[in-house]
Amino acid sequence: MPADRLDLSALLAERGAERYELQAKYLNPQLARMLHTIGFDKFYERAEGAHFFDAEGNDYLDMLAGFGIFALGRHHPVVRDALHQVLDLGLPDLTRFDCAPLPGLLAEQLLSYTPGLDRVFFGNSGTEAVETALKFARYATGRKRVLYCDHAFHGLTTGALSVNGENGFRKGFDPLLPDTAVPLGDLGALARELRKGDVAALIVEPIQGKGVHAPPPGWLLAAQQLLHEHKALLICDEVQTGIGRTGSFFAYQQEEGVRPDLVCAAKALSGGYVPVGATLGKGWIFEKVYSSMDRVLVHSASFGSNAQAMAAGLATLHVLREEKVVENAHRVGELFRSRLAALVEKYELLAEVRGRGLMIGIEFGRPKSLKLRTGWTALQAARKGLFAQMVVVPLLQRHRILTQVSGDHLEVIKLIPPLVLTEQDVDRFVDAFTEVMDDAHRGSGLMWDFGRTLVKQAVVKA
C-alpha cells in the first residue's frame with residue numbers, strides 16, 4: 001500500500017518557526033548562536049531572482065547568491081521546468097550499467113566553452129571536483145606533491161583541505177597530504193618548488209574568494225609555462241569564479257594563452273537546485289587514469305551524473321546563452337565596481353574596491369583622522385575584521401541587504417550577487433552603502449556602539 005502524501009506546506013506551517021531551535025539542537029549549535037549574536041536570525045519565507053521576502057512581504061537584496069550558487073537567481077522558471085520534465089520522464093537513472101545521454105550532452109556543452117579540454121567527470125560538489133583534479137594530477141604525472149597559494153580556499157574534504165591556504169580551516173585536522181603553499185603571484189617561489197622535481201600540479205583560483213585577490217597580469221600564463229617546463233600541471237579552481245561570475249565563462253579565459261590542464265566547476269552549474277560538480281580535463285589525463293577496462297571504476301561518485309543534476313546543468317547553460325547572463329555580469333559588474341570605486345576618495349575608511357564581473361571586494365583600511373583612528377584602533381585590537389562586520393550588519397538590519405565579510409580576520413566585504421542583478425539593484429546597494437559609510441565617518445553612530453557590543457560577545461572572543 002503506498003504511503004500517504006507528505007504535506008511539506010503543512011509541516012513548514014507547523015514547525016517552521018522552530019528553525020533556529022532545531023539548528024541549535026540537532027545541527028551546528030554555533031551557527032544559530034552566531035546568527036542570533038549579529039542579528040542575522042531572520043525568518044525568510046520565499047525567494048525569487050536576487051531577492052528574499054519575509055512573512056510581511058519585505059524584500060531583501062541578496063548579495064551572496066548562496067556563496068555563488070544562485071547565478072541565475074532563485075527559482076529560475078526554466079530550470080524549474082527542466083526538473084519537472086526530468087522527474088515526469090521517469091528515466092532509469094543511475095543504473096550503473098548503461099550510458100545515459102544527459103551526462104554526455106552536458107559534457108559536450110561545457111567543453112564547447114573550453115577549447116583544449118576534452119573530457120569531464122561529474123561529481124556532486126566543488127570540493128569533490130577538486131578532489132578529482134588532485135587525484136588525476138597525481139596519477140597522470142606519477143608525482144604526489146601539489147602546490148597551492150597562500151589564502152586559497154579549495155574545499156573542506158581532506159584532500160581539498162590539504163591545499164587550503166587558511167590555517168583556521170586546517171587546524172586540528174592534521175596530518176594532511178604533503179602539499180606546499182606558495183605566495184599568489186610569486187613566480188620565484190613557484191620555480192624553486194618545481195626544481196625539486198616532485199610536483200604534480202599547482203592548483204589556483206584565478207581570483208581568490210578570500211579577500212577577492214587576483215594575481216598580477218601575466219602571472220597565470222607564466223606559471224603555466226613554468227609548470228609545463230617541469231612536466232607539472234595547472235589546475236584552475238573555478239568553483240566560485242566559473243560559469244560567468246567574472247564576466248567570462250571561466251575567469252582564466254581573461255588572460256590570453258592560458259590553457260589549464262584541469263578545471264574545477266560547480267556552484268552555479270546547479271541552477272541553484274541540484275548539487276553538481278564537474279572536473280574538466282585534457283584527454284590524455286583521463287585516458288591515463290581510465291587506462292583499461294580493469295580501471296573503469298577507479299574513480300566514480302554514487303550520485304555523479306544523476307539525471308536531475310544533468311538536467312539542471314543543461315537548463316543553466318541554456319539560460320546563460322538565451323538571456324545573455326554572462327554579458328550582464330560583465331556590464332553590470334563594471335558599473336557596480338566603478339560606482340563603488342568612486343567612493344574611495346570620499347571615505348577615508350574605504351581603502352580599495354577590486355574584482356571582476358560580479359565578484360567584488362570592498363576593503364576597509366586605517367583612517368587618517370584622529371577621531372576615526374581611535375575607534376578603528378580599538379576594534380583592531382579586539383579582533384581584525386570587526387569593522388567590516390559593522391558594515392555588514394546595518395546593511396541587513398537597516399537596508400535589508402545580505403552581504404558577507406570575505407574571510408576571518410579580514411576587513412573586506414565580498415559581493416557575489418546573482419548574475420541577473422539589475423542596475424536598480426546596484427543603485428539600491430550603493431545608496432545603502434553610502435548611508436552606512438556616512439554614519440561610520442560621523443564617528444558616533446550606532447555602528448561604533450555595535451562594534452563595542454560585538455567585542456563583548458563570545459562569538460568574537462572565540
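The values are calculated or read from the model by the stated rules, or taken from the named source; none is laboratory data. Remember, it's a predicted structure, so these values are computed and weren't measured experimentally. Reconstructed Cβ throughout: ideal geometry from the backbone, glycine too, with neighbour counts over all protein chains shown. Side chains included, ligands, DNA and RNA excluded: accessible areas come from the protein's heavy atoms. Shrake-Rupley method; radii C 1.70, N 1.55, O 1.52, S 1.80 Å.
The figures follow:
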quantity: One residue from ALA82, ALA129, ALA71 being aliphatic (A, V, I, L, M), part of a helix (DSSP H, G or I) and farther than 16 Å from ALA307 by Cα; calculated: ALA129
quantity: Failed condition for ILE285, given (1) assigned to a loop (DSSP other than H, G, I, E, B); (2) open to solvent by less than 10 Å² (accessible area, probe 1.4 Å); (3) touching a residue at least 60 places away in the same chain (Cβ under 8 Å); (4) over 30 Å from LEU370 (Cα atoms); calculated: (1)
quantity: Spans of helices (runs of 4 or more DSSP H) in region 157-226 with at least 1 residues open to solvent by 30 Å² or more (accessible area, probe 1.4 Å) and at pLDDT 95 or above; calculated: 187-194
quantity: Close pairs from region 98-109: first over 16 Å from GLY123 (Cβ atoms), partner small (Gly, Ala, Ser) and surrounded by 19 or more Cβ atoms within 10 Å (Cβ to Cβ), Cβ under 9 Å, at least 6 apart; calculated: GLN109/GLY313
quantity: Selection within region 47-57 - open to solvent by 60 Å² or more (accessible area, probe 1.4 Å) and either under 14 Å from LEU402 (Cβ atoms) or modelled with pLDDT under 95 (or both); calculated: ALA55, GLU56
quantity: Selection count where residues are assigned to a helix (DSSP H, G or I), loosely packed, with under 10 Cβ neighbours inside 10 Å and of a type outside the set (A, V, I, L, M), scope region 1-44; calculated: 2
quantity: Condition check for LEU410: open to solvent by less than 20 Å² (accessible area, probe 1.4 Å) and in contact (Cβ under 8 Å) with a residue 40 or more places away in the chain; calculated: no
quantity: Among (1) outside any helix (DSSP H, G or I); (2) surrounded by 16 or more Cβ atoms within 10 Å (Cβ to Cβ); (3) modelled with pLDDT under 95 - the single one GLY375 does not satisfy; calculated: (1)
quantity: VAL239 being more than 25 Å from PRO77 (Cβ to Cβ), among the β-branched types (Val, Ile, Thr) and surrounded by fewer than 23 Cβ atoms within 10 Å (Cβ to Cβ); calculated: no
quantity: Residues satisfying the stated conditions in region 93-118, i.e. within 12 Å of ASN306 (Cβ to Cβ) and in a loop (DSSP other than H, G, I, E, B); calculated: ASP93, LEU94, THR95, ARG96, ALA100
quantity: Residues of region 276-303 classified as at pLDDT 95 or above and either among the β-branched types (Val, Ile, Thr) or within 20 Å of the chain's Cα centre (by Cα) (or both), total; calculated: 7
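Residue by residue, here is whether (1) surrounded by fewer than 18 Cβ atoms within 10 Å (Cβ to Cβ); (2) part of a loop (DSSP other than H, G, I, E, B) holds:
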{"site": "SER305", "(1), (2)": "no, yes"}
{"site": "HIS318", "(1), (2)": "yes, no"}
{"site": "LEU340", "(1), (2)": "no, no"}
{"site": "ALA351", "(1), (2)": "yes, no"}
{"site": "LYS368", "(1), (2)": "yes, yes"}
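Okay, residues lined up against (1) open to solvent by 40 Å² or more (accessible area, probe 1.4 Å); (2) small (Gly, Ala, Ser):
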position: ALA65; (1), (2): no, yes
position: ILE69; (1), (2): yes, no
position: LEU72; (1), (2): no, no
position: HIS76; (1), (2): no, no
position: ASP88; (1), (2): yes, no
position: ASP98; (1), (2): yes, no
position: PHE121; (1), (2): no, no
